[in-house]
Amino acid sequence: RNIASRLRASIQKNEFTLLYQPQIDLRNGSIISCEALLRWTPEVAEHSAPPDVFIPIAERTDLIISIGRWVLEEACRQARHWRNKGIEICIHINVSSSELEQDDFFERLTKCREKYDLPPSAIGLELTENILIKSDEQVLDGLQKQRALGVEISIDDFGTGYSSLSYLKRFPVSHLKIDRSFLENAPESEYDGALMEAIVNLGRKLNLQIVVEGIETQSQLTYCQNVGIECAQGYLFAKPLPAKDIETRLLEQG
Ligand code: G
Ligand code: G
Ligand code: MN
Ligand code: NA
């Protein structure tokens, strides 16, 4: 059977898992938030595929709607579990455009927070530039209301999408996540370094939080600290982790 039909079967059986990648405060090394990253975990492990394979298929077939509902519910359940243990970090979830375009997306977000007794700051939304460019007034209005409540809204893969920056004015964004392609060569390449610094300055001027993705080496970390970046995600700190593992780290850091 093909991936789409296997995905459909897995949706019936909830055969998915969320991993959590820490976001680190570069000033003191502590975990300040995390990104939920979806994994497909069918009974027969060989029937799985990595997210960059199955998510585009789920998007084309609209299976992402059901999968996204599971992600939201699972992230809220996890957030409640952690809050009961005194852990109050924001879990950022990735949202695809067809999910955001559902008439009831924002209503379900609100209802799910209520079900698990979570404040708006508990669940953040990660959207790509391309989603915002093509989104309509209804989406804009929904995002503005959520942002006004305190929901963090991140632009994912910032710098790789549409070239116009005008959407930053229209949309209630709180965070820019600089795509890891910029960081890869920034320590050595003057050109990539100039782009990174320009994005950091843009963030400062517009009062947006900057998150750098994909720090893998000490020299990249030192570079980011020198440029004044305060928050990052990357294998140098942690890969996407099972909930229990990030929980252990969070309890240790107190
Ligand atoms: O870490 P990684 O290989 O998990 O992620 C690959 C891609 O899959 C990323 O671009 C990420 O945005 C996307 N992705 C991961 N989890 C989710 C999810 O829950 N929903 C959606 N729509 N995309 C996700
Ligand atoms: O949603 P987004 O496109 O940001 O997805 C994050 C992706 O980046 C995930 O696939 C995650 O596993 C991956 N990732 C996170 N940190 C690193 C890193 O330091 N290096 C590389 N190569 N990938 C990373
Ligand atoms: Mn993301
Ligand atoms: Na990204």
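Derivation of every value follows stated rules applied to the coordinates shown; laboratory data play no part. Since the model is a prediction, treat every value here as computed from it, not as a measurement. Quick reminder, even Gly has a Cβ in these numbers, built from the backbone with ideal geometry, and neighbours come from all protein chains shown.
Take every Cα pair under 8 Å whose residues are at least 6 apart in sequence, average their separation, divide by the length of the stretch 3-253, and the relative contact order is 20 percent.
Descending by average beta-carbon neighbour count within 10 Å, the peptides 34-40, 164-170, 223-229 line up as 34-40, 223-229, 164-170, the highest first. Across the options Ser97, Ile32, Ile55, the greatest Cα extent toward the positive end of the charge dipole of the stretch 32-101 (unit charges at beta carbon of Lys, Arg, Asp, Glu) belongs to Ile32.
Between Ile67, Pro172, Ile133, the Cα set farthest toward the positive side of the dipole of the chain (charges on each charged residue's Cβ, about the Cα centre) is that of Ile67. Percent of alpha carbon pairs in the stretch 100-173 separated by more than 13 Å? Tail of P(r) above 13 Å: 66 percent of Cα pairs. On a per residue basis, the convex hull of the C-alpha atoms belonging to the stretch 3-51 measures out at 84 Å³.
Treating only the Cβ of Lys, Arg, Asp and Glu as charged (+1, +1, -1, -1), what charge dipole size does the stretch 128-254 show about its Cα centre? Round to the nearest 20 debye.
Details: 12 positive and 19 negative charges, 93 e Å.
Dipole magnitude for the stretch 128-254 comes out near 440 debye.
If you look at the Cα atoms of the stretch 3-97, you get an Rg and a Dmax of 14.8, 46 Å.
Once you charge only the Cβ atoms, +1 for Lys and Arg and -1 for Asp and Glu, what is the size of the charge dipole of the stretch 3-253 about its Cα centre, to the nearest 20 debye? All intermediate terms of the calculation are to be shown ahead of the outcome.
Working: 27 positive and 38 negative charges, 140 e Å.
With Lys and Arg at +1 and Asp and Glu at -1, about 680 debye.
Max-minus-min Cα coordinates of the chain on each principal axis give 50, 43, 39 Å, with the largest extent listed first.
Take every DSSP beta bridge whose two residues both sit in the chain; close to 35 percent of them are antiparallel.
The alpha carbons of the stretch 56-124 occupy a box of 39, 21, 14 Å along the principal axes, longest dimension given first. For the listed residue pairs Lys134/Lys169; Lys145/Lys177; Lys111/Lys177; Lys169/Lys205; Lys145/Lys205; Lys85/Lys244, the alpha carbons are over 18 angstrom apart in Lys145/Lys177; Lys111/Lys177; Lys145/Lys205. Computed over the alpha carbons of the stretch 170-219, Rg followed by Dmax gives 11.5, 37 Å.
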